[in-house]
Amino acid sequence: MTTPFALDPLMLTVAPNGAYKTHEQHPALPLTAQALAATAKACLEAGAAMLHMHVRRPDGRHLLDAQAYREATAAVRQAVGSQLVVQITTEAAKIYEPAAQMAVVREVLPEAVSVALRELHVPCVREQELSAFFQWLVAHRVMTQVILYDAADVRDWQDLCRRGVIPEGPWFLLFVLGRYSAGQTSSPNDLLPFLQAHDGMHPWAVCAFGAQEHACVLAAAALGGHVRVGFENNLWLRDGRMAPDNAALVAQAAEGIRWLGRPLATADQVRERFGRVSASG
């Protein structure tokens with residue numbers, strides 16, 4: 001007997017470190033290539049298909065550096081092979097200018113990258129330059145997730161697409177809940193303005209700051225979206241206990257997603273959706 005409908009496999013990403021958190025906030029925060037590799041392995045086993053990866057300087061500060069990204073990616077690949085999509089970030093973290101953010105992507109040529117629209121669509125970047133960067137991403141088949149912080153960002157993205165500044169491509173949107181709220185906290189209601197503004201042209205995921213991360217994850221999953229969890233945005237389990245590690249947050253999300261009836265996507269299913277063949281293809 002066949003099922004009457006097939007639910008879209010959910011792409012579960014882990015963001016294990018971010019640009020700002022320190023070991024003082026959580027001793028299990030992975031800050032080195034080897035720590036990222038160990039975290040990647042544990043999160044793969046818990047249900048993740050993608051790793052959203054920041055690298056740090058030896059003193060723990062945020063870093064955009066091609067060699068550091070290559071070393072961290074190699075360590076993760078040694079730990080998990082091609083079973084996770086490895087996504088680097090271009091986050092400025094109040095340190096880097098757009099030129100450096102775009103340059104590191106071109107130098108690394110990663111499998112996947114996340115870019116914040118409001119960090120690149122700024123007065124110092126001409127629209128021709130912005131368009132050329134996104135055209136490069138399409139031409140080199142870099143899986144690109146576009147970070148949007150509010151409904152105004154969604155409308156800005158749609159305007160750039162409508163005017164042809166952003167070329168057609170397999171873009172993946174990330175709706176960020178709570179980043180600029182008081183205390184950086186979020187709730188499932190924060191997702192509604194994004195969905196009201198979204199035109200349905202590209203798949204979307206959610207990440208959520210603060211202790212209601214899990215509730216936001218389940219709301220997104222129930223509404224057909226995809227999700228990102230991890231220490232970058234939240235340190236707490238749904239019952240109020242501090243999570244022992246990133247894998248605990250992934251496992252908690254995976255359990256809830258399965259209860260909703262959504263299958264979890266594998267890394268290869270993610271690649272297939274966005275036009276990649278393998279981790280190196």
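Here is how the numbers come out for the structure above:
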item: Enumeration of residues in the stretch 35-62 that are open to solvent by less than 10 Å² (accessible area, probe 1.4 Å) and part of a helix (DSSP H, G or I); result: Leu36, Ala37, Ala40, Cys43
item: Leading residue by the ranking (farthest from Leu10 (Cα to Cα)) among those in the stretch 105-116 that are open to solvent by 10 Å² or more (accessible area, probe 1.4 Å) and among the hydrophobic types (A, V, I, L, M, F, W, C); result: Val108
item: Subset of the stretch 63-111 [of a type in the set (S, T, N, Q) and either more than 30 Å from Arg126 (Cβ to Cβ) or not in a helix (DSSP H, G or I) (or both)]; result: Thr73, Gln78, Ser82, Gln83, Gln87, Thr89, Thr90
item: Hey, Val125 part of a loop (DSSP other than H, G, I, E, B), open to solvent by less than 40 Å² (accessible area, probe 1.4 Å) and farther than 23 Å from Met201 by Cα or not; result: yes
item: Which listed residue is touching a Gly at 6+ places or on another chain (Cβ under 7 Å), open to solvent by 10 Å² or more (accessible area, probe 1.4 Å) and either aliphatic (A, V, I, L, M) or more than 23 Å from Arg141 (Cβ to Cβ) (or both), from Thr32, Thr22; result: Thr22
item: Residue within the stretch 259-278 that is open to solvent by less than 60 Å² (accessible area, probe 1.4 Å), part of a helix (DSSP H, G or I) and over 24 Å from Phe194 (Cα atoms) present; result: yes
item: From Ala222, Ala243, residue being surrounded by fewer than 24 Cβ atoms within 10 Å (Cβ to Cβ), of a type outside the set (Val, Ile, Thr) and within 15 Å of Asp8 (Cα to Cα); result: Ala222
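The values are calculated or read from the model by the stated rules, or taken from the named source; none is laboratory data. This one's a predicted model, so the numbers in the text were calculated from it and none came from an experiment. Note that we place each Cβ from the backbone using ideal geometry, even for glycine, and neighbour counts take in every protein chain shown. Keep in mind that these areas ignore ligands, DNA and RNA; they rest on the heavy atoms of the full protein, side chains included. Shrake-Rupley method; radii C 1.70, N 1.55, O 1.52, S 1.80 Å.
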